[in-house]
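Some notes on the structure that comes next.
The values are calculated or read from the model by the stated rules, or taken from the named source; none is laboratory data. Computed from a predicted model, the values in this text were never measured in an experiment. Note that each Cβ is placed from the backbone with ideal geometry, even for glycine, and that neighbours are counted across all protein chains shown.
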Amino acid sequence: MPKKITKNLNLFTIRLPLPALVSILHRMSGAVLFIFMPFLVVAFCNSLTSASFYERTISQLFSFPFVLIFYFMVWGLIHHLIAGFRHLLLDMQIGNDLIVARLSSKSVLVSSIVGTLLVIYLL
Amino acid sequence: MNVRSLKSPFGGMTQWLYQRFTALFMTTYMISLALILTTYRPLTFDVWASLFDHWAIKYATLVFFILMFFHAWIGILHITEDYIKVIAVRTTINAFLFITMVVELIYLTYFLIGYSYD
């Protein structure tokens, strides 16, 4: 009788290794940036059109539904940037060891959240 | 239509290189822009608009967006290839995303090239 292989593909109970988490978030943040890019493009062009449009764009950007998208994009951008930087280091064979890879993925996760909070605080 | 044919002008290795070089340019651009913007702390419309009226920043912005969509397009091809197994569906979604991307790019190019702040 063949041995039954235990499989667990339940996303709510799977424990991703930290580097895998960073990797999938890198992909997700890229997709998020791409999906919400039309909003940013329109906001960017509007903000340059005239002074009144500029004021209106900024007040819209910080009004309720859009501010969540905006902060989400800020997080996506920062995470994508830092995780991409880590990716470049891995390409250059820096930090390939398991301990270093775990440490660097932890610091990517933490620093992207800290960076997002910092940007929200500064804006 | 075969999705591979969309990819064929760039093999795997060149895609890999394009991702990295576009990323380097975009990082440089964004860090420079962020540094420039932080020197004008109350960021008024006059400062914002005259900044993008400067030819260097205007064309760097245009190049930034072109490279960004190029970078994003390679990423999108990889994502849809991984998660959408039915080729007809995948190709349709790819085509839709490509068209939205090109529309955004044309809009931006038209806007930025014609842009001037008086």
**Prompt:** Looking at this structure, is B:Tyr110 assigned to a loop (DSSP other than H, G, I, E, B) and within 11 Å of chain A (Cβ to nearest Cβ)?
**Reply:** no
**Request:** State which residue is nearest to the other protein chains (Cβ to nearest Cβ) when the search covers only segment A:17-62 and only residues that are β-branched (Val, Ile, Thr) and free of Cβ contacts under 8 Å to residues at least 60 places away in the same chain.
**Result:** A:Val41
**Prompt:** What is the number of the single condition among (1) hydroxyl-bearing (Ser, Thr, Tyr); (2) under 22 Å from A:Gly84 (Cβ atoms); (3) modelled with pLDDT of 95 or more that B:Thr80 does not meet?
**Reply:** (3)
**Message:** Quick check on this structure: which one of B:Ile93, B:Ile79, B:Ile74 is closer than 27 Å to B:Leu33 by Cα, in a helix (DSSP H, G or I) and in contact with a helix residue (DSSP H, G or I) (Cβ under 9 Å, 6 or more places away or on another chain)?
**Reply:** B:Ile74
**Prompt:** In segment A:63-91, which residue that is within 13 Å of chain B (Cβ to nearest Cβ) and of a type in the set (Val, Ile, Thr) is surrounded by the fewest Cβ atoms within 10 Å (Cβ to Cβ)?
**Reply:** A:Val74
**Message:** On the basis of being more than 29 Å from A:Val110 (Cβ to Cβ), more than 9 Å from chain B (Cβ to nearest Cβ) and of a type outside the set (Lys, Arg), does A:Thr6 make the cut?
**Reply:** yes
**Request:** Can you give me the number of residues within segment B:37-78 that are loosely packed, with under 12 Cβ neighbours inside 10 Å and among the hydrophobic types (A, V, I, L, M, F, W, C)?
**Result:** 2
**Prompt:** If A:Cys45 passes every condition in (1) within 17 Å of A:Leu21 (Cα to Cα); (2) buried (at least 17 other Cβ atoms within 10 Å of the Cβ) but one, which one does it miss?
**Reply:** (1)
**Message:** So in segment B:86-118, with the set limited to residues that are charged (D, E, K, R) and over 16 Å from A:Ile35 (Cα atoms), which one is modelled with the lowest pLDDT?
**Reply:** B:Asp118
**Fill in**
In segment B:79-92, residues that are loosely packed, with under 15 Cβ neighbours inside 10 Å and either closer than 21 Å to B:Gln19 by Cα or not basic (Lys, Arg) (or both) total 7
**Asked** Which residue out of B:Val63, B:Val89, B:Val103 is facing chain A (nearest Cβ under 9 Å) and out of contact with any strand residue (DSSP E or B) (no Cβ under 7 Å at 6 or more places or on another chain)?
**Response** B:Val103
**Message:** Please go through (1) at pLDDT 95 or above; (2) under 27 Å from A:Ser23 (Cα atoms) for B:Leu62 and return the number of the only condition it doesn't satisfy.
**Reply:** (2)
**Message:** Within segment B:61-77, does at least one residue satisfy the condition of being more than 30 Å from A:Phe53 (Cβ to Cβ), under 12 Å from the mean Cα position of the chain (by Cα) and not hydrophobic (A, V, I, L, M, F, W, C)?
**Reply:** yes
**Test: A:Val100 is surrounded by fewer than 17 Cβ atoms within 10 Å (Cβ to Cβ) and away from chain B (no Cβ under 13 Å)** = yes
**Request:** Could you please find all residues in segment A:52-67 being within 21 Å of B:Ala34 (Cα to Cα) and either part of a helix (DSSP H, G or I) or among the small types (Gly, Ala, Ser) (or both)?
**Result:** A:Tyr54, A:Glu55, A:Thr57, A:Ile58, A:Ser59, A:Leu61, A:Val67
